[in-house]
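Q: Provided herewith is a single structure, encoded as structure tokens, for subsequent inquiry.
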Amino acid sequence: MPERTKKVLPNAHQAPLPLDRLILQETPDAEAVPMDVLFVGGGPAGLAGAIALAKLVKADNEAGGDLGDVQIGVLEKAGALGEHSLSGAVVNPIAMRALFPELKDKDFPFRGSVGGERVYFMTGSRAVRIPTPPTMQNHGYHIASICEIVRWLGEKAEGMGVNIFTGFPAASLLTEGQRVIGIRTAPSGLARSGDPGSGYAPPTDITAQITVLAEGTRGTLSQAYLEWQKISSDNPQIFALGVKEIWETLKPLDSVVHTLGWPLPKDCFGGSFMYPLSPNLIALGLVVGLDYKRTSDDVHEMLQRMKLHPFFKDLLESGEMVEWGAKTIPEGGYYALPKRRHGDGLMIVGDSAGFVEVASLKGIHYAMQSGMFAARAAFDALKRKDTSAVSLKEYDAMVDGSFIVSDLRRRRNMRLAFQESNFYVAGLKAGLMTVTGGALPGGRIESHADADVEREATQPDPFVPDGKLTFSKLDAVFKSGNATRDDIPSHLLVGPDIAPEVADLYAHMCPAGVYERDGERLVVSPANCIDCKATDVIGPRWTPREGGSGPKYRQM
Amino acid sequence: MANVFAFVESRGTDVRKVGLEAVTAARMLADKSGGGEVHALVIGPPGIAAKAAQIGQYGADVVVVVEHAALTNYSPDVATATAVERIKSGGYRAAVFSTSAQGRDLSPRVAARLGVSVVTDVLSFEIDGDSIVVRHPMNIGKVIATIAIAGKPAVIAMRPNVIAPAQNAKAGRVENAQPAIDPASARVKVIETKVGGGGKLDLAEAPVVIAGGRGLKAAENFKLVEDLASAFGNAAVGATRAVTDDGWRPHSDQIGQTGRLVSPELYIAVGISGAVQHLAGMRTSKTIVAVNKDKDAPIFKVADYGIVGDVFEVIPALTEAVREAKKHH
Amino acid sequence: MKIAVCIKRVPDMDVRFRIGADNVSVDEAGLKFDINDFDVWAVEAALKLKDKNAGSEVTVISLGPDVVQETIRKALSMGADRGIQLKADKIPADGFPIAKALSEELKTGSYDLILFGKMAPDSSAGVVGPMTAEFLNLPCVTAISSLEIADGKGTAKRELEGAQEIVEFPLPAVLTADEGLNAARLPSLKGIMAAKKKPLEVKPAQLPPAQLVVRKLELPPERKAGRIVGEGAAAVPELIKLLQTEAKVL
């Protein structure tokens, strides 16, 4: 008699967000570093915001304004800017142009303009070219490495006198009543036991009149703030996991390529992308919704299998994989936006707020633009000496009145349709939405948080990587540049009673091999973690750890 | 036709292998430039003079011996002054040193005093018209540079183990000489040379590294690894983080991203699965051998040669075979 | 004490390098740069001495284009007091002119101690420290793994192949730092803030002509794919044969 298939509900095994650690009602340390405006996260949103604010302050001072010296800080958990940044990426230059009106597109750190573009529907053996959907047309946009963009923005910011603190993760929000008054960093040099070890550096407090959370996807403090302030959204935020590789190839690629279909199961949302950073340097990735249906669904492995398809194999086979990484993407869109993205002394920008438009696969220009709006709101608040929620409300108003929200609203149901239908029906609905500007079908489609999607406990088809075209997770993590010391205490909060099938879910969910099932037991290797945050979405909670841990991306 | 100078490194009254390599390299250079003489300098305590004949065997036409009771330990000031004095008076085309801890210290000082550049870690050399052209690894061996040396004499320091000492008997005329400065006047004084634990080689410098992992199952089984190392004779013993964490080996033996970085000629991984952090510490080794019972262990991905099998069976057999091979070497 | 530390900006080595179009330089596109690790230990050694000797001053000096200011700031954020950039279009591949230019600067500073990293991973030469010492006619101890300074003289340990030397030297002196000398502190937030306000002087580097000419750079031959020689002790003879005839390491 075949056993009834076991089901796993990720949510039932997830530890709650440790609010008591993330939101502190404490007086900042007497040695606290005072900032006026602190951006938490040195990605496109935080850096664009810091630069925009520095420009506003400079212009004001030159015009004889009364602001004087405004200390702007950017806090980044990676050891150097860009090392934790990963994106496709095809970039809409609109925000870059707005931030640097004095520069031309050729001055920006882009690799090249999008030449041709092609979309294919894949089967196990064939690739059928299909018309490029209007949402995926990228003419006039630029291929770029987000690492390079971030490093470039960092230099601009430093040049403008912004304080950039790399290697300092924000571990907690410091609060006073309902007001956010700064952050406390994570300590470093803890031994595995959690006690101070050699090279211990204690946490540092940073106070700020305004704290801007620009943590990127699945920001821990952003989540904590929303939960603490009980700020809701129509739908829960949902995520996809993207696994990406950079290949040096002998054969050139001249256009942007997207594929749909195989190797994804029909009930998974996602697709692949392939962008030439230069003709022989190719960014290749696979993005899959974390609402997939089986414990054995494994995005890293899907990407590995995908490369065996002649369509990819012909291009890659003679080349070499030089870099690997992964990151989640907030895909909930319009209905998943928090009702309020500001509060007393606080704003939330970029991916942390969910400003990603999944149908066009874009987020960088929304992130930058939201950071720039936050800069404007911060500047106005400093000018009127009122950094309360009432004053910072201006930020939400600017976002709501901008292309950020109108773009997301136009494609508001596109991703959600996939959660409630299978691929083909959803494709049809998506097509309808495109022609009707998002109006059909009907109103808001309700969605479930990824952790509330039940998974069937299944066993995977065995897959043995060859180490040339396909890679194990261990090899992959190596290519992420991850050199986290291996005696670091675990930053992952594993729930109680992890059954073997839950361990299976975690092992397949994590692209970096942090989780392994060893017999009946879950084995956790926290040093492997590359901060993609998938674990925080459907597995053990991710919390901030020692600065400089995690990947060291170069051109992701 | 031009003469070449060689500095013969010694420790106590022993000539080191790298010293004979320098003589061999100098001989090759002299021969390539039309057959000049090789003049070798050796400095040490009383007893070092007895090694002159050996140095002649390896191709020195003249062996300059500086024997002094105060020179049991290396004296950078005396060695620099004495080498400089000899090189200046000899009109050499080139001066050859070793890229050992001592040679790294000495060769740049000598070059600076001669007013010329130096290339350390030289892999090979040739004569191209008026220049001596050498190959030198840059970027921790990930790039190889071909460098033309304009200065005269060309000062080079050979990387250990790239040129095997070759017997090529020459006259080896002994010239006894005095230190160029009184050793008592030296500013920098080596007051002691401690030979580490029974001649144990340092991990970072050993040409062969044998490393053990959890697959050895217990601290006492590291005996297998030590036996294999002693069969090689020129091997150091390392370990993985898991092993040092468990206290089977001292932390100073740990190879990996968070431990020592090694890049030997031969690296043998015994019962090591190949965690990322470990691979980061050894993957630049020239030849990697892995023995592990799990055929899917990641270590096999980086290994040049792998044996799938029980370390308790394979390693003793390998130790025996290495001993046998060394005997006939 | 007046202490100088000479530091170098170097690329991260954890990449596959590409040779530039000129064939004599490394393509810097996509490379990440930071202060040389050995130099970090030298900076730490200086800061430790400063912590112990009130009134000490630590000066960091770096030769190169303006981007080295970032490297200097890093050392300042660790706690060094002031920086000097010896400005040059690029960092020469030959250590001789670098040592000359550094010694021209250092001789004006009457330092008690001048520290270097024992080598930089990019040039992989390790000659600038001892050459500078010679040009300054100062005692020099290279590749030290421990350091004690007391009563105007120092004691250091050097790691040799399978041995250690204990070395005594008078001050002023030049030392180069090896791995194991110390565990370097990370810059603190306050240190990073303070570094922005510390003096950083820019002077032209007095570089004599190089004597070494890089004719070409190339990548070492590709590593051949590994293979499983066999199973169990029976595979040992084949392995020995391969080590002797193919790898030539036995």
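The values are calculated or read from the model by the stated rules, or taken from the named source; none is laboratory data. Source: prediction; values computed, not measured. So basically every Cβ, Gly included, is an ideal-geometry build from the backbone, and we count neighbours across all protein chains shown.
Q: Scanning the range A:26-48 for residues that are out of contact with any helix residue (DSSP H, G or I) (no Cβ under 7 Å at 6 or more places or on another chain) and in a loop (DSSP other than H, G, I, E, B), which turns out surrounded by the most Cβ atoms within 10 Å (Cβ to Cβ)?
A: Looking at residues that are out of contact with any helix residue (DSSP H, G or I) (no Cβ under 7 Å at 6 or more places or on another chain) and in a loop (DSSP other than H, G, I, E, B), I get A:Gly41.
Q: Follow-up question, since we're still on this one. From the list C:Asp34, C:Asp14, pick out the single residue that is assigned to a strand (DSSP E or B) and either within 25 Å of C:Glu222 (Cα to Cα) or within 10 Å of another protein chain (Cβ to nearest Cβ) (or both).
A: C:Asp34
Q: Let me ask you something else. Report whether or not A:Thr132 is of a type in the set (Ser, Thr, Tyr), surrounded by fewer than 18 Cβ atoms within 10 Å (Cβ to Cβ) and away from every other protein chain (no Cβ under 14 Å). Even if it seems obvious, please write down each step before you answer.
A: On the way: of a type in the set (Ser, Thr, Tyr): yes; surrounded by fewer than 18 Cβ atoms within 10 Å (Cβ to Cβ): yes; away from every other protein chain (no Cβ under 14 Å): yes.
Here the answer is yes, as A:Thr132 does meet what is asked.
Q: Quick check on C:Ser124: is it of a type in the set (Ser, Thr, Tyr), at the interface with another protein chain (Cβ under 9 Å from one of its Cβ atoms) and either closer than 25 Å to C:Leu217 by Cα or in contact with a helix residue (DSSP H, G or I) (Cβ under 6 Å, 6 or more places away or on another chain) (or both)?
A: Details: of a type in the set (Ser, Thr, Tyr): yes; at the interface with another protein chain (Cβ under 9 Å from one of its Cβ atoms): yes; either closer than 25 Å to C:Leu217 by Cα or in contact with a helix residue (DSSP H, G or I) (Cβ under 6 Å, 6 or more places away or on another chain) (or both): yes.
It is true that C:Ser124 is of a type in the set (Ser, Thr, Tyr), at the interface with another protein chain (Cβ under 9 Å from one of its Cβ atoms) and either closer than 25 Å to C:Leu217 by Cα or in contact with a helix residue (DSSP H, G or I) (Cβ under 6 Å, 6 or more places away or on another chain) (or both).
Q: Also, I was wondering about something else. Could you look through the range B:163-187, keep only residues that are within 14 Å of another protein chain (Cβ to nearest Cβ) and under 24 Å from the mean Cα position of the chain (by Cα), and pick out the one that is farthest from C:Val174 (Cα to Cα)?
A: Per the stated criteria, the residue is B:Ala164.
Q: Tell me which residues, restricted to the range C:220-237, are of a type in the set (A, V, I, L, M, F, W, C) and either surrounded by 14 or more Cβ atoms within 10 Å (Cβ to Cβ) or farther than 19 Å from B:Ile288 by Cβ (or both). Don't jump to the end; show me each part of the working.
A: Here is the first cut: in the range C:220-237, the residues of a type in the set (A, V, I, L, M, F, W, C) are C:225, C:228-229, C:233-236.
Matches in the range C:220-237: C:Ile228, C:Val229, C:Ala233, C:Ala234, C:Ala235, C:Val236.
Q: Restricting attention to the range A:482-521, which residues are more than 14 Å from every other protein chain (Cβ to nearest Cβ), surrounded by fewer than 22 Cβ atoms within 10 Å (Cβ to Cβ), of a type in the set (A, V, I, L, M, F, W, C) and not in a strand (DSSP E or B)?
A: A:Val494, A:Ile498, A:Ala499
Q: Would you mind finding the one in A:Ala52, A:Ala98 that is more than 27 Å from A:Ala359 (Cα to Cα) and part of a helix (DSSP H, G or I)?
A: A:Ala52
Q: Applying the selection to the range A:203-245, what residues are away from every other protein chain (no Cβ under 14 Å) and β-branched (Val, Ile, Thr)?
A: Listed by number, the residues that qualify are A:Ile210, A:Thr211, A:Val212, A:Thr217, A:Thr220, A:Ile231, A:Ile238, A:Val243.
Q: Here's something else I'd like to know. What tally of residues in the range B:276-286 results from selecting those that are surrounded by 22 or more Cβ atoms within 10 Å (Cβ to Cβ) and without any contact (Cβ under 8 Å) to a residue 40 or more places away in the chain?
A: 4
Q: What strands (runs of 3 or more DSSP E), lying completely within the range B:1-99, carry at least 3 residues that are in contact with a helix residue (DSSP H, G or I) (Cβ under 9 Å, 6 or more places away or on another chain), closer than 25 Å to C:Val127 by Cα and in contact (Cβ under 8 Å) with a residue 40 or more places away in the chain?
A: Counting at least 3 such residues, we get B:4-8, B:38-44, B:94-98.
Q: Taking the range C:145-161, which residues are of a type outside the set (Gly, Ala, Ser), out of contact with any helix residue (DSSP H, G or I) (no Cβ under 7 Å at 6 or more places or on another chain) and assigned to a loop (DSSP other than H, G, I, E, B)?
A: Once the filter is applied, which keeps residues that are of a type outside the set (Gly, Ala, Ser), out of contact with any helix residue (DSSP H, G or I) (no Cβ under 7 Å at 6 or more places or on another chain) and assigned to a loop (DSSP other than H, G, I, E, B), the range C:145-161 yields only C:Asp151.
Q: Moving on to the next point. Given the criterion more than 14 Å from chain B (Cβ to nearest Cβ) and closer than 30 Å to A:Tyr275 by Cβ, identify the matching residue among A:Ser549, A:Ser447.
A: A:Ser447
Q: Against the conditions (1) surrounded by fewer than 19 Cβ atoms within 10 Å (Cβ to Cβ); (2) part of a loop (DSSP other than H, G, I, E, B); (3) facing chain B (nearest Cβ under 9 Å); (4) free of Cβ contacts under 8 Å to residues at least 24 places away in the same chain, where does C:Leu250 fall short? Just the number, please.
A: (1)
Q: Something else now. Filter the range A:157-174 down to residues that are part of a strand (DSSP E or B) and not small (Gly, Ala, Ser) and give me whichever is nearest to the chain's Cα centre (by Cα).
A: Of the range A:157-174, the ones part of a strand (DSSP E or B) are A:163-166, A:170-174.
Now drop any that are not not small (Gly, Ala, Ser), which leaves A:163-166, A:173-174.
Numbers: A:Asn163: 23, A:Ile164: 20, A:Phe165: 20, A:Thr166: 18, A:Leu173: 20, A:Leu174: 24 Å.
The residue in question is A:Thr166.
Q: Output the number of residues of the range A:1-25 satisfying the condition of being charged (D, E, K, R) and surrounded by 13 or more Cβ atoms within 10 Å (Cβ to Cβ). Quick ask: steps written out before the conclusion?
A: Residues of the range A:1-25 charged (D, E, K, R): A:3-4, A:6-7, A:20-21.
Those still in the list that are surrounded by 13 or more Cβ atoms within 10 Å (Cβ to Cβ) too: A:6, A:21.
Count: 2.
Q: Restricting to the range A:376-413, what's the tally of residues that are in contact (Cβ under 8 Å) with a residue 40 or more places away in the chain, part of a helix (DSSP H, G or I) and out of contact with any strand residue (DSSP E or B) (no Cβ under 8 Å at 6 or more places or on another chain)?
A: Residues meeting the conditions: 8.
Q: Sort out which residues of the range C:187-228 are more than 10 Å from every other protein chain (Cβ to nearest Cβ), assigned to a loop (DSSP other than H, G, I, E, B) and closer than 19 Å to A:Gln71 by Cα, and write them in order of number.
A: Across the range C:187-228, the qualifying residues are C:Lys197, C:Lys198.
Q: Moving on. Can you tell me which residues in the range C:229-247 are facing chain B (nearest Cβ under 9 Å) and either within 24 Å of the chain's Cα centre (by Cα) or among the polar types (S, T, N, Q) (or both)?
A: C:Gln244
Q: Please specify each residue of the range A:159-202 satisfying the condition of being without any contact (Cβ under 8 Å) to a residue 40 or more places away in the chain, under 24 Å from C:Ala194 (Cα atoms) and more than 8 Å from chain C (Cβ to nearest Cβ).
A: A:Gly159, A:Tyr200, A:Pro202
Q: Now a separate question. May I ask you to say which residue of A:Tyr275, A:Tyr292 is assigned to a strand (DSSP E or B) and crowded, with 22+ Cβ neighbours inside 10 Å?
A: Sole residue among the options that is assigned to a strand (DSSP E or B) and crowded, with 22+ Cβ neighbours inside 10 Å: A:Tyr275.
Q: Of the conditions (1) within 30 Å of C:Leu47 (Cα to Cα); (2) crowded, with 19+ Cβ neighbours inside 10 Å; (3) facing chain B (nearest Cβ under 7 Å); (4) of a type outside the set (Lys, Arg), C:Ala173 satisfies every one except a single condition; which number is it?
A: So the condition that C:Ala173 fails would be (3).
Q: Working only within the range B:61-96, note down all residues that are within 14 Å of B:Ala40 (Cα to Cα), of a type in the set (S, T, N, Q) and surrounded by 18 or more Cβ atoms within 10 Å (Cβ to Cβ).
A: Passing the criteria: only B:Thr82.
Q: Tell me yes or no: at least one residue of the range B:38-60 is surrounded by fewer than 22 Cβ atoms within 10 Å (Cβ to Cβ) and closer than 19 Å to B:Ser89 by Cβ.
A: No.
Q: Any idea which of B:Thr146, B:Thr120 is assigned to a strand (DSSP E or B), touching a Gly at 6+ places or on another chain (Cβ under 9 Å), within 7 Å of another protein chain (Cβ to nearest Cβ) and modelled with pLDDT of 90 or more?
A: Of B:Thr146, B:Thr120, the one residue that is assigned to a strand (DSSP E or B), touching a Gly at 6+ places or on another chain (Cβ under 9 Å), within 7 Å of another protein chain (Cβ to nearest Cβ) and modelled with pLDDT of 90 or more is B:Thr120.
Q: Moving to a separate point now. Residues being more than 24 Å from A:Ile149 (Cα to Cα), crowded, with 18+ Cβ neighbours inside 10 Å and within 10 Å of the chain's Cα centre (by Cα): count how many of those fall in the range C:6-43.
A: So the answer is 9.
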